[in-house]
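Read the structure below first, then the notes.
The values are calculated or read from the model by the stated rules, or taken from the named source; none is laboratory data. Bear in mind that the values here come from a model prediction, so they are computed numbers and not experimental data. For neighbour counting, all protein chains shown are included, and Cβ atoms are generated from backbone atoms with ideal geometry for every residue, glycine included. SASA here: full protein model, heavy atoms, side chains in, ligands and nucleic acids out. Shrake-Rupley method; radii C 1.70, N 1.55, O 1.52, S 1.80 Å.
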2 protein chains.
Amino acid sequence: MKKITIGEASRQSGVKVPTIRYYEGIGLLSAPSRSEGNQRSYEPADISRLVFIRHARELGFEVDAIRTLLILQDDPNQSCASADAIAKARLIDVEQRIRSLMALKVELEAMVAGCGHGRVDQCRVIEVLADHGQCAHNHH
Amino acid sequence: MKKITIGEASRQSGVKVPTIRYYEGIGLLSAPSRSEGNQRSYEPADISRLVFIRHARELGFEVDAIRTLLILQDDPNQSCASADAIAKARLIDVEQRIRSLMALKVELEAMVAGCGHGRVDQCRVIEVLADHGQCAHNHH
DNA sequence: CTTGCACCTCTAGTCGCTAGAGGATGTAGG
DNA sequence: CCTACATCCTCTAGCGACTAGAGGTGCAAG
C-alpha cells in the first residue's frame, strides 16, 4: 500500500496540484483518504480518473459534460447513448468553431496583406475594424 | 443635436446595454455626457467606436489589444506598425487554434465512429478518454 | 395621472482555474 | 535532536469579459 501524495498524483496525471484540489471541491473527484497529518492520499484509480478528466478537458469538454461521462464510466452496464450524444455535440461545436476561425483567418489575412506599413490613416487593419461593411464576413 | 440613449446606441452598434456600461467602466469608451435626469447621451462617434470594438471582439481581439488599436485609430499620423503586429499575432493565434481544433475533430470523429451504440463498456468514447495511449493525439 | 418601459447604480455570479497568504507536515542531512 | 527545506494544508481573492439581478429613478404615451 504505497501512499500517493497530491504532488505525486499531479506528476502522474499531468493535472496541477491546485487543480486537483479544485476538482475535489466541485465534486469531479471524490475526497481521498488522509494521512495522519491530514494530507491527501490517493490510489491508482484516482490517477486514472484524473487522466480521464485531463484528456476530456484537452478535448474541450466542459466540466458538466465530464461529470456525465464519469458517471457513465462508473456504470459500464449503461447504454452509451449519452456518451455518444455528448461526443457528437462536441464534434458539432468543434466543426462550427473551425468554420468561424477559417472565416476569421481569411479576414485577418486580408487585413495584414492590405496594410501598407505606412501611416494609420492608410492602414487596412484599422479601416476594416472601423467599417464592418468593408470586411469579408459581413454576412449577418 | 439628437440625443442617443444607451438603448439606441445598443441597437445601432449591436453591443448590449450592460456591455456598453462595462466598456465605459474599464475605460474602453469614454464616459458620455448625461441628460438632466443623469442618463447617458451618446454621439455618432461613440457608435462608430462601439462598432469598432464589437467587430474587433468578434475577430477575437482581446480588450487590451483593442485598447491599443483604439489609441492608434485616434491618432492617424502614427505608423501602423503596431496595428499590423497585433493583427499578425492574432492571425498566428487563429491559425494555431485551427490546427488544434482539426486534431480534435479527427479524434472526436474516431470516438463517435467507434461507438457501437451498445453498452458503456464497449464504448470507444469512454475508452479513449480513459486511456490516452489509445487516442489519435498522443503526440506529446 | 398612471402605466410601463427604459434607464440608473451596485453587487455578485459565471467558467475553470491560478496566485498568494499564512501555517502545518514530512524528510534528509548534520 | 535540530534545522532546513520542500511539500502539504485551508482560505480568500483574482483573472477575462461579461451577465444577472436587486432596488430605485426618468420619461413618454394614453
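Results, tabulated for the structure shown:
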{"read-out": "Set A:S13, A:S35: member being within 15 Å of DNA strand D (Cβ to nearest atom) and more than 14 Å from chain B (Cβ to nearest Cβ)", "value": "A:S35"}
{"read-out": "A:E62 within 13 Å of DNA strand D (Cβ to nearest atom) and at pLDDT below 95", "value": "yes"}
{"read-out": "Residue satisfying condition, being farther than 15 Å from B:L129 by Cβ and without any contact (Cβ under 8 Å) to a residue 12 or more places away in the chain, within set A:A110, A:A87, A:A9, A:A81", "value": "A:A81"}
{"read-out": "Hey, B:I86 crowded, with 19+ Cβ neighbours inside 10 Å, near DNA strand D (Cβ under 9 Å from one of its atoms) and more than 7 Å from chain A (Cβ to nearest Cβ) or not", "value": "no"}
{"read-out": "Answer from B:I66, B:I53 - the residue that is at the interface with chain A (Cβ under 9 Å from one of its Cβ atoms) and touching a Phe, Trp or Tyr at 6+ places or on another chain (Cβ under 7 Å)", "value": "B:I53"}
{"read-out": "Out of A:L50, A:L29, A:L69, sole residue that is away from DNA strand C (no atom under 12 Å from the Cβ) and either on the phi < 0 side of the Ramachandran plot or modelled with pLDDT under 95 (or both)", "value": "A:L69"}
{"read-out": "Complete set of residues in the range A:115-130 that are crowded, with 16+ Cβ neighbours inside 10 Å and not charged (D, E, K, R)", "value": "A:C115, A:V120, A:C123, A:V125, A:I126, A:V128, A:L129, A:A130"}
{"read-out": "Residue that is acidic (D, E), more than 29 Å from B:C115 (Cα to Cα) and at pLDDT 95 or above, where the choices are A:E109, A:E43", "value": "A:E43"}
{"read-out": "Some residue of the range B:38-52 being exposed (fewer than 13 other Cβ atoms within 10 Å of the Cβ), part of a helix (DSSP H, G or I) and more than 13 Å from DNA strand D (Cβ to nearest atom)", "value": "yes"}
{"read-out": "Complete set of residues in the range A:114-125 that are more than 32 Å from the chain's Cα centre (by Cα) and of a type in the set (A, V, I, L, M)", "value": "A:V120"}
{"read-out": "Enumeration of residues in the range B:38-50 that are polar (S, T, N, Q) and more than 14 Å from every other protein chain (Cβ to nearest Cβ)", "value": "B:N38, B:Q39, B:S41"}
{"read-out": "Some residue of the range B:8-20 being of a type in the set (D, E) and either more than 8 Å from DNA strand C (Cβ to nearest atom) or open to solvent by less than 40 Å² (accessible area, probe 1.4 Å) (or both)", "value": "no"}
{"read-out": "A:Q12 vs. criteria closer than 19 Å to B:L108 by Cα and either assigned to a helix (DSSP H, G or I) or modelled with pLDDT of 95 or more (or both)", "value": "no"}
{"read-out": "B:R40 of a type in the set (K, R) and either assigned by TED's automatic domain parsing to the domain that holds B:E95 or near DNA strand C (Cβ under 9 Å from one of its atoms) (or both)", "value": "yes"}
{"read-out": "B:R67, sole failed condition from (1) within 26 Å of A:R97 (Cα to Cα); (2) open to solvent by less than 40 Å² (accessible area, probe 1.4 Å)", "value": "(2)"}
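For every residue, the table says whether it meets (1) free of Cβ contacts under 8 Å to residues at least 40 places away in the same chain; (2) of a type in the set (G, A, S).
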| site | (1), (2) |
| --- | --- |
| A:S33 | yes, yes |
| A:S48 | yes, yes |
| A:A65 | yes, yes |
| A:L70 | no, no |
| A:D93 | yes, no |
| A:Q96 | yes, no |
| A:R99 | yes, no |
| A:I126 | yes, no |
| A:L129 | yes, no |
